[in-house]
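Rule-based calculations on the coordinates, nothing more; no lab input. Here the structure is a predicted model, which is why all the values come from computation and not from measurement. Positions of Cβ are backbone-derived with ideal geometry, glycine not excepted, and every protein chain shown enters the neighbour counts.
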Amino acid sequence: MIEWQQLGGHFGAICPTQTDVMAIPAEEVKQALASHQLLVFPGQRLSTDDFERFAAGLGEPAEYPYAAPLAGSRYLVPIIKEAADQHNFGGAWHTDTSYLEHPPAVTLLLAREVPASGGDTLFADMYQAFERLSPGLRHCLSQLDGINTSALVHAAVGDYASVAGDAGAAGAATQATARHPAVRRHPVTGRAALYVSLVHTERFSGMTRAESLPLLNYLQAQATRADNCVRVHWAPGTLAIWDNRCLQHLPLNDYPGQRREMHRIILAGEKPLGSRPS
Ligand code: SIN
């Protein structure tokens, strides 16, 4: 059994160095992910094939419609910021692709090349973000759905339009919208987690964007308070696995003039379930 070390105050865990992730039973990784939400495995020496095999042991790899996969692969997407690039991919707090009907449950990210300093990724706990709200606001949010759209980021005028390789910037054909509960019940742990973000949730159902924005801004600020966050520092070979159903993340863009290359695989997820009692 792995002796996990706590990564942050209340979530996230790091595996002892020298542990080969390929040797850990998938069931143990899945259980640890349910308990800790975010797992970090330093110093992995994984080929592309190893990485794909490991990911497939944890769930069903899914295609990502907004960036081209690595040549010869269907699921492994390189996320690269070149030294000359200004913007980074995913450079705002979000949970992955919540504008799809079935958003990915889990993301695996493997660092291949990292800047000499900077380029860390922050994670925020969306269970605690919800639990810290007042009973009145929790009740109100539990009755609402979020209308999530890819257009806020992946469009000709979206936030990622200038990110190299962003396919959504090419046109509206790949735009997606999905209505999901603003508070989702995690299918494994049964816990309720806030499931809206400023960059993907356009508005609440039955409300205008102007009416929704003040509440979305408030929730985003509460969710990403420093005492609700954990920071992952990358070195080449660091692998992180996180649960999109109960976390948001933010890759920091604080390494101008340096290159960063990560390899990402997402695992298919279910249609989010609400937390309203049935
Ligand atoms: C992502 O948002 O999936 C990328 C995270 C990162 O580059 O650290």
- [ ] Amide H neighbours of Arg112 under 5 Å, at least 5 residues apart or on other chains, H built in the peptide plane: list them.
- [x] Gly237, Glu261, Met262, His263
Open item on the list: Whole-Hz ³J(HN,Hα) for each residue in the range 84-100, computed from phi via Karplus 6.51 cos²θ - 1.76 cosθ + 1.60 with θ = phi - 60°, x for glycine and proline: what do you get?
Closed with: 8, 6, 8, 9, 10, 5, x, x, 8, 4, 6, 10, 5, 6, 6, 8, 8
Open item on the list: Name the residue from Thr95, Gln6, Ile80 whose Cα lies farthest towards the positive end of the charge dipole of the chain, charges +1 on Cβ of Lys and Arg and -1 on Cβ of Asp and Glu.
Closed with: Thr95
Open item on the list: For the range 55-131 and the range 239-273, what is the centre-to-centre distance using only Cα atoms, to the nearest Å?
Closed with: 3
Open item on the list: With +1 assigned to the C-beta of every Lys and Arg and -1 to the C-beta of every Asp and Glu, and no other charges, what is the dipole magnitude of the chain about the Cα centre in debye, to the nearest 20?
Closed with: 640
TODO: About the Cα centre of the range 10-161, how large is the charge dipole given +1 on each Lys and Arg Cβ and -1 on each Asp and Glu Cβ? Please answer in debye to the nearest 20.
DONE: 200
- [ ] Report ³J(HN,Hα) in whole Hz for each residue of the range 248-257, in order, from the Karplus equation J = 6.51 cos²θ - 1.76 cosθ + 1.60 where θ = phi - 60°; Gly and Pro get x.
- [x] 10, 9, 9, x, 6, 10, 10, 9, x, x
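Using just the helices of the chain, give the 222 nm mean residue ellipticity in deg cm²/dmol: DSSP H runs with n ≥ 4 each add -39,500 (n - 2.57), and the total is spread over all residues, rounded to 500. Provide the component values of the computation, followed by the final result.
Values: 5 runs with 51 residues, N = 278.
After summing the helix terms and dividing by residue count, I get -5500 deg cm²/dmol.
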Open item on the list: Using a 7 Å offset from the Cα along the Cα-to-Cβ direction at both Glu113 and Arg138, what is the distance between the two label points in nm, to one decimal?
Closed with: 4.7
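For Cα pairs less than 8 Å apart in space and 6+ apart in sequence, what is the mean separation divided by the residue count of the chain, i.e. the relative contact order in percent? Present the calculation step by step, with values, prior to reporting the outcome.
Working: 619 pairs, mean separation 96.7, N = 278.
Relative CO of the chain lands at 35 percent.
Where both partners of a DSSP beta bridge lie in the range 5-270, what percent of those bridges are antiparallel, to the nearest 5? Mind showing how you got there, number by number?
Working: 46 of 48 bridges.
If I count the DSSP bridges inside the range 5-270, around 95 percent turn out antiparallel.
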